Amino acid sequence: MGPLPARLLLGAACGTFASGVTYAITTEQPWWWAVGLTAAVLIWFGELIWDVFS
């Protein structure tokens, strides 16, 4: 498996985990999907983001 599919799977897994934790501890329902999506996007585009800021 190449680095791109592995990063997509890792991002999806971490996003799902972050969403689950947020859903379990917060009473504000819209936040769970925003946290999960943010975690997944940061992992998916992390290398590009790192290159821009470094």
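Counting heavy atoms of the protein chains alone, residue 17 has an accessible area of about 150 Å² for a 1.4 Å probe. With the gyration tensor restricted to C-alpha atoms of the chain, the semi-axes of the equivalent ellipsoid amount to 24, 14, 6 Å, longest first. Could you tell me the accessible area of residue 41 in Å² (1.4 Å probe, neighbours in place), rounded to the nearest ten? That residue has around 50 Å² of solvent-accessible surface. Per residue, the accessible area of the chain comes to 79 Å², computed with a 1.4 Å probe over protein heavy atoms only. Along the Cα-to-C-beta direction of residue 4, a point sits 7 Å from the Cα; which residues of the range 19-43 have their amide N less than 18 Å from that point? Under cut-off, by backbone N: 41-43.
The apolar share of the surface of the chain, taken as the fraction of accessible area on carbon and sulfur atoms (1.4 Å probe, ligands and nucleic acids excluded), comes to 77 percent. Here the 3J(HN,Hα) profile of the range 21-27, calculated from phi with Karplus coefficients 6.51, -1.76 and 1.60 at θ = phi - 60°, is 5, 5, 4, 6, 9, 10, 9 Hz, Gly and Pro shown as x.
Working with all protein chains in place, sort 54, 19 by solvent-accessible area computed with a 1.4 Å probe, largest first. Display every interim value, and only then the final one.
On the way: 54 100, 19 20 Å².
Putting 54, 19 in descending order of accessible area: 54, 19.
The values are calculated or read from the model by the stated rules, or taken from the named source; none is laboratory data. Model, not experiment: these values are computed from the prediction. For neighbour counting, all protein chains shown are included, and Cβ atoms are generated from backbone atoms with ideal geometry for every residue, glycine included. Side chains are part of the model used for accessible areas, which takes the heavy atoms of the whole protein and leaves out ligands, DNA and RNA. Shrake-Rupley method; radii C 1.70, N 1.55, O 1.52, S 1.80 Å.
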